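Comments concern the structure below.
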Amino acid sequence: MGIKLLNPKDFSQIMGAYSHGVTVDIGDSEMIFVTGQLAMDKDGNPVAPQDISRQTEYVFENIKKILAQGGALLMM
């Protein structure tokens, strides 16, 4: 079973064994696991501290980047 770490370049610095996501080979397909995301920029600064809508958008954009790095396709 292969595991690939997912850490997009424009995300915050990784600390320890933490990764923003992982892709796990389960035989004939792969599963992508995404860690909890915070509304923090790559330097560790909060994004839009008083705007929950903007924070939510930021977090979901980050999730999209992690999934894309793992090979997931966005279907609309």
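Miscellaneous remarks
- Residue, farthest from residue 15 (Cα to Cα), within region 54-72, restricted to residues that are under 9 Å from the mean Cα position of the chain (by Cα) and in contact (Cβ under 8 Å) with a residue 60 or more places away in the chain: 69
- Lone qualifier among 19, 12, 53 - being outside any loop (DSSP other than H, G, I, E, B) and either of a type in the set (Gly, Ala, Ser) or in contact with a Ser or Thr (Cβ under 8 Å, 6 or more places away or on another chain) (or both): 53
- One residue stands out in region 13-41 among those that are hydroxyl-bearing (Ser, Thr, Tyr) and surrounded by 15 or more Cβ atoms within 10 Å (Cβ to Cβ): the one that is modelled with the lowest pLDDT, namely 19.
- Selection within region 5-53: residues that are more than 10 Å from the chain's Cα centre (by Cα) and among the polar types (S, T, N, Q). The member of this set that is nearest to residue 64 (Cα to Cα) is 23.
The values are calculated or read from the model by the stated rules, or taken from the named source; none is laboratory data. A quick note: this is a predicted structure, and the numbers were derived from the prediction, not measured. Virtual Cβ from ideal backbone geometry, glycine too; neighbours counted across all protein chains shown.
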